[in-house]
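Bear in mind these aren't lab numbers, they're just calculated from the coordinates by the rules spelled out. As the structure is a computational prediction, the values presented were derived from the model and not from experiment. Don't worry about glycine lacking a Cβ; one is built from the backbone with ideal geometry, like all the others, and counts go over all protein chains shown.
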Amino acid sequence: MIEGKGNLAQIEIMGGDRVFVLTGAGISAESGLATFRDSDGLWAGHAIEDVCTPEAWDRNPELVWQFYSARREAAAKAIPNPAHLALADLEAKLGDRFFLCTQNVDNLHEKAGSRNIVHMHGELFVSRCSAECGRKPQADDALFETLASVARCACGARMRPHIVWFGETPLQMDRIGDEIGRSTVMLVVGTSGSVYPAANFVHWARQAGARTVYVGPEAPLNASAFTQVMTGKAGEVLPGLLSVG
Ligand code: BV8
């Protein structure tokens, strides 16, 4: 059921409900961060295979670090918008009946106060050993413009962005699967539904009998799997959308 901005019914959250939220690049658009597929989006400047695959890293780690350093610079200046704040507020009201999974690598959800969150595609301000020597990923906001300047792990290997590239396995899929199985409401915000396995989550939630709601200015590729599609910008639609009974 498609509902425009004008006549948006509230989503009632009852006492027994558990809410699973999935966000994509669209929720950070109103904070000035480019999405992937918009005309001037991230992919406009770079081919996915040149900056977002393990092969790209092996071929040209300097270009990959320049791409993610530019993303770090932009994200460091960005501030959360009313959509991020509305989700942090909902978490405060629902406590452990709320779970947030984001495809985004920026830290705007944390800046807004979200805590029970999984970055299934990694985090911009974290780096790890490219040789997977076993040392834990570490917080890192450095900008690397040249290969020579790229930090090295204690084992001597070059550090790489702690990001899930295409062809790599998303993070914490077991926990995510558990949370989807226990959810009664799935709210999906600002994602085109074009990247897997994230695009499958709404189908898994439907199989678990959950109500599934999408919020974004245009219907996603997996729109048919939603019980409600609410068209509008997240920063305008999310505040006040969910009423906790
Ligand atoms: C894997 C980190 C095995 C990097 C990212 C099945 C079929 C076909 C292909 C596959 C398949 N299964 C796997 C694949 C391959 C591949 C894939 O999906 N390819 C696609 C291109 C077809 N998937 C993988 O390789 C994944 N790994 O499958 O491993 C496995 C599987 C299961 C379990 C174990 C192992 C890994 C994929 C992760 C790649 N890394 N990000 C980085 O950030 O640089 S993906 C990256 O792209 C994002 O994280 C996000 O996931 C995706 C972009 O999508 P969106 O966030 O949706 O952004 P987009 O620009 O597309 O859309 C923005 C939306 O916002 C729009 O709809 C717009 O309307 C809306 N919007 C705009 N303004 C607003 C708004 N919404 C609200 N408010 C606004 N103001």
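Of note:
- Of the candidates Val150, Val195, Val202, Val215, the single residue that is over 16 Å from Leu22 (Cβ atoms) and touching a residue at least 12 places away in the same chain (Cβ under 8 Å) is Val150.
- Each residue in the range 207-233 was checked for being more than 12 Å from the ligand (Cβ to nearest atom) and out of contact with any Ser or Thr (no Cβ under 6 Å at 6 or more places or on another chain), and 7 pass.
- Qualifying residues in the range 172-184 (those that are surrounded by fewer than 18 Cβ atoms within 10 Å (Cβ to Cβ) and farther than 11 Å from Ala210 by Cβ) - the one nearest to the ligand (Cβ to nearest atom): Met173
Here's the yes/no breakdown for (1) within 16 Å of the ligand (Cβ to nearest atom); (2) under 18 Å from Pro170 (Cα atoms):
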{"site": "Phe67", "(1), (2)": "yes, no"}
{"site": "Ala74", "(1), (2)": "yes, no"}
{"site": "Lys77", "(1), (2)": "no, no"}
{"site": "Pro82", "(1), (2)": "yes, no"}
{"site": "Phe98", "(1), (2)": "no, no"}
{"site": "Cys101", "(1), (2)": "yes, yes"}
{"site": "Ser114", "(1), (2)": "no, no"}
{"site": "His121", "(1), (2)": "yes, yes"}
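- Close contacts from the range 128-139, counting a first residue that is part of a loop (DSSP other than H, G, I, E, B) and a second that is surrounded by 14 or more Cβ atoms within 10 Å (Cβ to Cβ) and hydroxyl-bearing (Ser, Thr, Tyr), with Cβ to Cβ under 8 Å and a gap of 6+ residues or different chains, come to Pro137/Ser127.
- Helices (runs of 4 or more DSSP H) completely within the range 56-112 that count 1 or more residues being more than 30 Å from Ser183 (Cα to Cα) and touching a residue at least 40 places away in the same chain (Cβ under 8 Å): 61-77
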